[in-house]
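Have a look at the structure below, then the notes.
The values are calculated or read from the model by the stated rules, or taken from the named source; none is laboratory data. Predicted model, so just to flag it, every value in this text is computed and none were measured. Positions of Cβ are backbone-derived with ideal geometry, glycine not excepted, and every protein chain shown enters the neighbour counts.
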Amino acid sequence: MKTKSKIFATVFSLSVAFFSAQNGNVKKHFLDLDGASTNIKIQPTMYGIFFEDINFAADGGLYAELIKNRSFEFDEPLTGWKQPNTKTLSPNLDSGFLTIITDKSKTNKNYARITVWNDKSYLLENEGFRGIGLHQGEKYDLSFNLENVSGNISAVNTNLIDENGTVISSVSTIIKGGGWQKYNAVFAPSKTVEKARLQITFTGKGIVNMDMISLFPQDTWKGRKGGLRKDLVQKLYDLQPGFLRFPGGCIVEGRTLAERYQWKKTIGKVEDRENLINKWNNGFAHRLTPDYWQSFGLGFFEYFQLAEDLGAEPLPILSCGMACQFNTAELVKMEDLDPYVQDALDLIEFANGDSNTKWGKIRTEMGHPLSFNMKFIGVGNEQWGADYIERYKVFEKAIHAKYPDIKIISGSGPSPDGEFFDYGWKELKKLNAQIVDEHYYNSPEWFMKNAGRYDKYDRSGPKVFAGEYAAQSVGVVKPDNKNNWLTALSEAAFMTGLERNADVVYMTSYAPLFAHAEGWQWTPDLIWFNNLKSYATPNYYVQKLFSNNRGTEVLNITENGKPLTGQDDLYATAVKDESNKGIIIKIVNTDSGSKSLAINPKNISLGKNLTKIILTAPQLSTENSFENEVIQPKEETLSLKKGNIKIDIPAQSLVILKIN
């Protein structure tokens, strides 16, 4: 962690350099690009996605359900629901009332019993996730389960209303017969509203039971019923990720072992999945969110399906029997660890087993008979100490005994250095661990200074998964952190070091991924959204440019025989791209003055044209927003003379050069 003064010093030094540049001191650099093979292959998993249900990333975000607490399962079952009088909007129990019936024999244990005494006055209303986002011209599927208990209730009347209480769509559903039945209707809103509400009234008097009151846009990703929010998945797809890590993050561990993420409870019929309080509902005092729960409509089957849609390797992370060490630090005894290990073995069977296996059959019944071809599994999130190593050994032995080809991700703790980090790496090396997960949340200055972090890592030891990282503009876990150009630029500088060391670094991912503009707990985040739209941060575009221009093999690009790791505020990496028969050079200039580069090619014949992609900003403090994505890549095509590259690199910029 760095202080504000450190970050200020970084900005100040860049500003000083800017004034020097204004006086005509454009600095010239002469680089060598060697086309000879380095035999350093870049893994297809080099740049991926880290997903965690924080900041309303799942319910209220990627999972497109618009009704909060649709089955009354929260600890306070009426969370999200109100029973206002239709005239005064204050409670009027003389018109009717709602009670909660609990059947503990079921995973979805609660349902609402609604007694209507006056069908002109009784009203039930849901507020959605900070409102319900609706788009004019689109259609929305309403569904609910209802049992007609007694009386003469003949219809359920549902309205979508805007912020002023004006009805923008209305549907009446006729109730027929007894017993539990599912009813469906379709809304067509007359205007776009960011914070609509759903209202339910009844025709007739009597008693009904209701459950699973649900509202989904029809226009979901790939048009799947009850699916994912299209604009958010599209941004993930555009990253061209090599892997999708899920479901987290600290959410894997839970505050207690009882609240850990248990994948078997997230598959099967959506209405039968057991709800669970979200770890982040009170994770931070600055953003207490008591209405943050997990419906698991986005469960492990949907995560695997999403990874397949994205063309990414699925990377599930499972509990190793240790609750979050920042919370309760609850620990399962070694003699009680078997069920946790069995969960890992069963998950591999669920993902890869054929329909003759127990868990492969369940996957087939859910609509995916083919294997998800899972190759990776993570044991624990960011646990540390001897207790973790002891448990990792048990998992590793059991998994590789049955599935020797599965690659296991282990962890080095929550920090990029220190006693726990050193201990974890020392022990994991002894155990010949395959891939070790490292996490770093730090200042922009740290990221720029650590571009050479992996230059001296042991090439014969475990590979590295840079599983969570993001530059913090103010400080770690500070609510005022910004996704500004300074943080994105420093991450780009750091990423040149990740790519240059692709023989050690196999996987990388920024974190966290998503944040609801009114439901966040942690900043900064890669993609911000509200109920209607989303925007990409400068950090997102850095990730996209690296991932979309990954290449297949590292090449040497040097100045005076040395790699560029921040000398004179210049960073660079180069790759060969076999698929497109080209060369890609990534250059980061953190100086506030421009650079003039002459790149001399060796052992390679370059074509006549060069594509130059520039990502920069007016100021280091510049951010994107819902109104305007100021910082976006700009592309131009240039001609090369005699195969030599002479190029200007703007101040404080990331530049991608693509050459045939």
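Output the residue which, of all residues in the range 601-653 that are acidic (Asp, Glu) and either within 18 Å of TRP528 (Cβ to Cβ) or in contact with a helix residue (DSSP H, G or I) (Cβ under 9 Å, 6 or more places away or on another chain) (or both), is surrounded by the most Cβ atoms within 10 Å (Cβ to Cβ).
That would be GLU623.
Step by step: first the residues of the range 143-166, then only those that are more than 34 Å from the chain's Cα centre (by Cα) and of a type in the set (Val, Ile, Thr), then the one that is surrounded by the most Cβ atoms within 10 Å (Cβ to Cβ). Which residue is that?
Filtering the range 143-166 for residues that are more than 34 Å from the chain's Cα centre (by Cα) and of a type in the set (Val, Ile, Thr), the one surrounded by the most Cβ atoms within 10 Å (Cβ to Cβ) comes out as VAL156.
Out of all the residues in the range 609-639, which are over 16 Å from THR487 (Cβ atoms) and without any contact (Cβ under 8 Å) to a residue 40 or more places away in the chain?
If the condition is that a residue be over 16 Å from THR487 (Cβ atoms) and without any contact (Cβ under 8 Å) to a residue 40 or more places away in the chain, then GLU627, ASN628, LYS634, GLU635, GLU636, THR637, LEU638, SER639 are the ones that fit.
Can you confirm whether ILE174 is of a type in the set (Val, Ile, Thr), surrounded by fewer than 20 Cβ atoms within 10 Å (Cβ to Cβ), out of contact with any helix residue (DSSP H, G or I) (no Cβ under 8 Å at 6 or more places or on another chain) and without any contact (Cβ under 8 Å) to a residue 40 or more places away in the chain?
yes
When the residues of the range 637-646 are narrowed to those that are out of contact with any Lys or Arg (no Cβ under 7 Å at 6 or more places or on another chain) and part of a strand (DSSP E or B), which ends up nearest to ILE614 (Cα to Cα)?
In this case the residue turns out to be THR637.
Can you tell me which residue within the range 598-636, out of those that are part of a strand (DSSP E or B) and in contact with a Pro (Cβ under 9 Å, 6 or more places away or on another chain), is farthest from ILE585 (Cα to Cα)?
Residue satisfying both the conditions and the ranking: GLU623.
Residue under question is SER121, and the condition is that it be closer than 17 Å to ASN209 by Cα and not assigned by TED's automatic domain parsing to the domain that holds GLY248; does it hold?
no
So, in the range 562-594, exactly how many residues are at positive phi and either free of Cβ contacts under 8 Å to residues at least 40 places away in the same chain or crowded, with 20+ Cβ neighbours inside 10 Å (or both)?
Matching residues across the range 562-594 total 1.
Residues that are assigned to a strand (DSSP E or B), touching a residue at least 12 places away in the same chain (Cβ under 8 Å) and surrounded by fewer than 18 Cβ atoms within 10 Å (Cβ to Cβ): does the range 215-226 have at least one?
No, the range 215-226 contains no residue that is assigned to a strand (DSSP E or B), touching a residue at least 12 places away in the same chain (Cβ under 8 Å) and surrounded by fewer than 18 Cβ atoms within 10 Å (Cβ to Cβ).
Regarding GLU438, is this residue outside any helix (DSSP H, G or I), in contact with a Phe, Trp or Tyr (Cβ under 8 Å, 6 or more places away or on another chain), at pLDDT 95 or above and of a type outside the set (A, V, I, L, M, F, W, C)?
So GLU438 passes the test.
Can you pull out every residue in the range 527-579 that is hydroxyl-bearing (Ser, Thr, Tyr), more than 21 Å from the chain's Cα centre (by Cα) and closer than 23 Å to LEU597 by Cβ?
THR558, THR565, TYR571, THR573
Being of a type in the set (A, V, I, L, M, F, W, C), modelled with pLDDT of 95 or more and over 21 Å from SER415 (Cα atoms) narrows it down to one of ALA329, ALA312, so name that one.
Going through ALA329, ALA312 in turn, the sole match is ALA312.
Given the criterion in the same structural domain as GLU308 (by TED's automatic domain parsing) and in a strand (DSSP E or B), identify the matching residue among ILE399, ILE408, ILE362, ILE389.
Within the list ILE399, ILE408, ILE362, ILE389, the selection yields ILE408.
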